[in-house]
Amino acid sequence: MQSKSSAMSALSANKDVTVKRKPLVSLASFLMAISLGFCSLPVQAVSFGITPFPKGGENATPKDQTNAMKMCVDAGVTGIFYGGTWADLEPSKGSYQLTQLGKTLKYAPKLTRFLGVQVFDITTKNMPSDLTKSKLDSPKVVSRFGQLMARLKKTTGGNIAYFSIGNEADVYLAKHPKEVDSFMKFFALAKKEVVKTFPGCKVGITLRAENLLNGKEPSALAKQLLAESDVVMLNYYPMENYKPKKPQQIEKDMETLTKIADGKSIVFQEIGYPSSPRLGSSDKNQADFMELAFKELRKNSQVEFANFFALHDLTPAICDYLADHYTISSKNYRQVMQSLGLRRSSGKARGSWEVVKKGLAEKPAVKPEVTKPEDMPTDVAPGETLPPINQPVSPDAAGQTTPPAPPTKTTPDSAPAETPATPAKGDTEAKPDSTDVKPDSKTESKGDTETKTDADAKSEPAKEPAKEEAK
């Protein structure tokens, strides 16, 4: 299934685009899920996250975004995924877009953190503008990837459990076989940079689970990608030709994926199930699937992480953008994308939302590891302070996911966003476009700064009263 990753892999892009001049959440772009909290029965300690896509899609307000984050926090998620293309994170040499990532992760120091840099995003290759014609395994590209890792370490403070290089890379490489050797050499070198930067981190390549199921034998390419990964990373939607199978299909699929994993741990970057009656599904089917998902994931000792997509449905405008970007003509695709939410785009909850909250309330057998003070993120804006380590923080204090709006027409292999800003002197963060809705920026050090715009200040949601934060 198409990556809804990283809210789907489209919400996977960390770019801003414009549809009727209203902000749009870039589908995988900010796959975030924050949380704390436990309760009663001992079960397998799987880290769960939810993509906090806000109600209203391109019409979402900063308050809607804040509320979406708060819902995920209150529900009790224990993991967080943040994904973006390399071109999103580093539009051009010396220009980085890491403010949102830093503001998101600094409020989740104790959660299981999963980062994704999507060199390949399903059907597109996404590199910084000056590297688009370079071979992936060239010394220049590998060196630049190492520099990006250093910046990510400074922004996140470290403590990264999983790292994905490529989103559904099997789909892209199957269509570009001549690039396989170059990518495999690059991955081996890039993996060393990740582990050097984030010791103990498990590195992999995210694959589309559908290509390993439905009676298909893993291709030689899939086996090669799986062999090089520390853990099996997947986007899982039990469908065929964009039509969902029965909810019970997850039982058989988990058995198959476990055998394919061959003893390796399994990490689900995305899991979802559409509820559209036009696809032969329903709200009940989605709720049944979510109930079975918790059961199957928790009883499988190889599963370590699972991110549900998504909190709210995607709107028709966003779905049209994705279909155009990924060159998908199927009407079923749009129906899938518009009905994956645990809640409707209007904000009304589906039955699956209550099922997920109940599933998250179960107590894991092992408590998440406590983050040491020295591991806390250092990417803090002027005047801000990090929250106490052992005290939950209101999501209103955290950064929000700002929906980018679908871009002007681009070539199939280009990233879905406007032309990145030209970096200022020195090593500076790219200045946000005036239409972006982003949290306040930060000053890092002399010669390496971000500039806060008037639009930034206006887009910031007001913090909740102290009383509310203490909840």
Check your understanding: Given the conditions (1) crowded, with 24+ Cβ neighbours inside 10 Å; (2) at pLDDT 90 or above; (3) over 19 Å from Ala161 (Cα atoms), which single one is not true for Gln65?
Key -> (2)
Review point. Which ones in the stretch 150-170 are among the aliphatic types (A, V, I, L, M), more than 18 Å from Asp88 (Cβ to Cβ) and buried (at least 23 other Cβ atoms within 10 Å of the Cβ)?
Key: none
Study note, to complete from the structure: For the stretch 237-252, pairs from a residue that is closer than 23 Å to Asn300 by Cα and small (Gly, Ala, Ser) to a residue that is modelled with pLDDT of 95 or more and part of a strand (DSSP E or B), with Cβ under 8 Å and 6 or more apart or across chains, are none
Check your understanding: If you go through the stretch 57-81, how many residues are touching a residue at least 60 places away in the same chain (Cβ under 8 Å) and not in a helix (DSSP H, G or I)?
Key -> 6
Revision key, fill the gap. From the option list Lys191, Lys196, Lys202, single residue qualifying as among the charged types (D, E, K, R), under 23 Å from Leu148 (Cα atoms) and buried (at least 22 other Cβ atoms within 10 Å of the Cβ) is Lys202
Review point. Looking at (1) within 20 Å of Ile50 (Cα to Cα); (2) in a helix (DSSP H, G or I), can you tell me which one Ile160 breaks?
Key: (2)
Review point. Can you tell which of Met376, Met290 is at pLDDT below 90 and either more than 24 Å from Pro247 (Cα to Cα) or buried (at least 20 other Cβ atoms within 10 Å of the Cβ) (or both)?
Key: Met376
Review point. Is there a residue being in contact with a Leu (Cβ under 7 Å, 6 or more places away or on another chain) and either over 18 Å from Met337 (Cβ atoms) or touching a residue at least 40 places away in the same chain (Cβ under 8 Å) (or both) anywhere in the stretch 274-292?
Key: yes
Study note, to complete from the structure: When Gly215 is run through (1) more than 16 Å from Ala174 (Cβ to Cβ); (2) buried (at least 17 other Cβ atoms within 10 Å of the Cβ); (3) more than 19 Å from the chain's Cα centre (by Cα), the failure sits at (2)
Check your understanding: Within the set of pairs 6+ apart or on separate chains, which have a first residue in the stretch 124-138 that is farther than 21 Å from Glu168 by Cα and of a type outside the set (Asp, Glu), a second that is modelled with pLDDT under 95 and not in a helix (DSSP H, G or I), and C-beta atoms under 6 Å apart?
Key -> Ser129/Ser92
Exercise for review: Please verify whether the stretch 237-244 includes one or more residues that are part of a helix (DSSP H, G or I) and either over 23 Å from the mean Cα position of the chain (by Cα) or surrounded by fewer than 21 Cβ atoms within 10 Å (Cβ to Cβ) (or both).
Suggested key: no
Exercise for review: Test Val231 against the criterion of being in contact (Cβ under 8 Å) with a residue 60 or more places away in the chain, farther than 29 Å from Leu279 by Cβ and aliphatic (A, V, I, L, M), and give yes or no.
Suggested key: yes
Practice item. Return yes when Ser134 is outside any loop (DSSP other than H, G, I, E, B), more than 17 Å from Phe198 (Cα to Cα) and not acidic (Asp, Glu) and no when it is not. Key: no
Check your understanding: Assuming Ala45 fulfils every condition listed in (1) assigned to a strand (DSSP E or B); (2) hydrophobic (A, V, I, L, M, F, W, C); (3) surrounded by fewer than 21 Cβ atoms within 10 Å (Cβ to Cβ) apart from one, which condition is it?
Key -> (1)
Review point. Restricting the search to the stretch 109-126, which residues are surrounded by 22 or more Cβ atoms within 10 Å (Cβ to Cβ) and outside any strand (DSSP E or B)?
Key: Pro109, Leu111, Ile122, Asn126
Study note, to complete from the structure: Ala227 fails exactly one of (1) farther than 26 Å from Val356 by Cβ; (2) in a strand (DSSP E or B), namely (2)
Revision key, fill the gap. When every residue in the stretch 301-317 that is closer than 26 Å to Val73 by Cβ and in contact with a helix residue (DSSP H, G or I) (Cβ under 6 Å, 6 or more places away or on another chain) is compared, the one surrounded by the most Cβ atoms within 10 Å (Cβ to Cβ) is Leu314
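The values are calculated or read from the model by the stated rules, or taken from the named source; none is laboratory data. The shown structure was predicted, so the numbers you read here are calculated from the model rather than taken from an experiment. Note: ideal-geometry Cβ built from the backbone for every residue, glycine included; neighbour counts use all protein chains shown.
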